[in-house]
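Derivation of every value follows stated rules applied to the coordinates shown; laboratory data play no part. As the structure is a computational prediction, the values presented were derived from the model and not from experiment. Cβ atoms come from the backbone with ideal geometry, glycine included; neighbour counts cover every protein chain shown.
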Amino acid sequence: MGTLTPPNAWLERCAETGIVLEQHEIEQLGRFLAMLLHANTRMNLTSVRDPDDAWDRHIFDSLTLLPLLSELAPGSEVIDIGSGGGLPGLPLAIAMPAIRFTLMDSTKKKCEYLEQAAAALGLGNVRVVCARAEQLGQDRGEKTATGRADPHREHYDLAMARGVGQIAMLAELTVPLVKVGGLVLMTKGQRADEELAEAKQALHMLHAGHAGTVDTPTGRVVVIEKLRRTPRDYPRRDGEPKRSPLGVSKS
């Protein structure tokens, strides 16, 4: 598979945006992108097949989240919901080795690819969890012979979701996973304000609030803050948040 080299225009765009990368990180990103495009020939990970286009639409887009993660302390825990091809989680894990990233996906083949990619890149700050977000959000830690296993519910400092559904649905899947005071970053398009208005009741029910919307060079990121502990009923059963988003009346 080798390593893909970024076009000069990509490096210039990073510099203009204030994204600073070490040479070895750029090489790691090139290796990751080569693996992603190779794996995409066997499974549906991305519709972007041109390498130069992928540097921009995948790697640069992921790295635009760096300023929003810059306040995290070393050792902080971040979860990438519906990671799929590893975006934005793997590029961010390469650029932020002091932060611990959990990549979550419900498809076994994608999880196997993510594990292979993280191992091939030598990313000791990455783990992969193959599960549904509804299950993780209710995971309070199972009892073991030596104590209680680490929970997922209210465990993470920050959760991320990139293009996997409307805000009312995503909030129910992500807010239960973060600690009180933790943040959720949702990468959205031009409908962000409309979706936020629609999700107002859902955020209230989940004890969360809109902390701001940040315009990045590639889109808009909606920031949700967890204000109090999530009511125990949320998230609901598998598939229910998507079928019937909280607080959204059916037309």
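For region 1-57, the relative contact order comes to 47 percent (Cα pairs under 8 Å, sequence separation of at least 6). As a calculated quantity, the FRET efficiency between Ala120 and Val214 at R0 = 25 Å, using C-beta atoms, amounts to about 0.20. Could you tell me how far the Cα centroid of region 87-119 sits from the Cα centroid of region 168-215, in Å? Measuring centre to centre over Cα atoms gives 23 Å. For the pair Asn44 and Asp193, label points projected 7 Å from Cα toward Cβ lie 3.3 nm apart. By the Cβ-Cβ criterion of under 4.7 Å, the unpaired cysteines of the chain are Cys14. Bridges between two residues of the chain, per DSSP, are antiparallel at a rate of about 45%. Per q in 0.07, 0.11, 0.15, 0.16 Å⁻¹, report the Debye log10 I(q)/I(0) for the chain, using one uniform scatterer on each alpha carbon and no solvent. With no solvent term, the Cα-only Debye profile gives -0.23, -0.57, -1.06, -1.20.
Look at the alpha carbon pairs under 8 Å that are at least 6 residues apart: their mean separation over the length of the chain gives a relative contact order of 14 percent.
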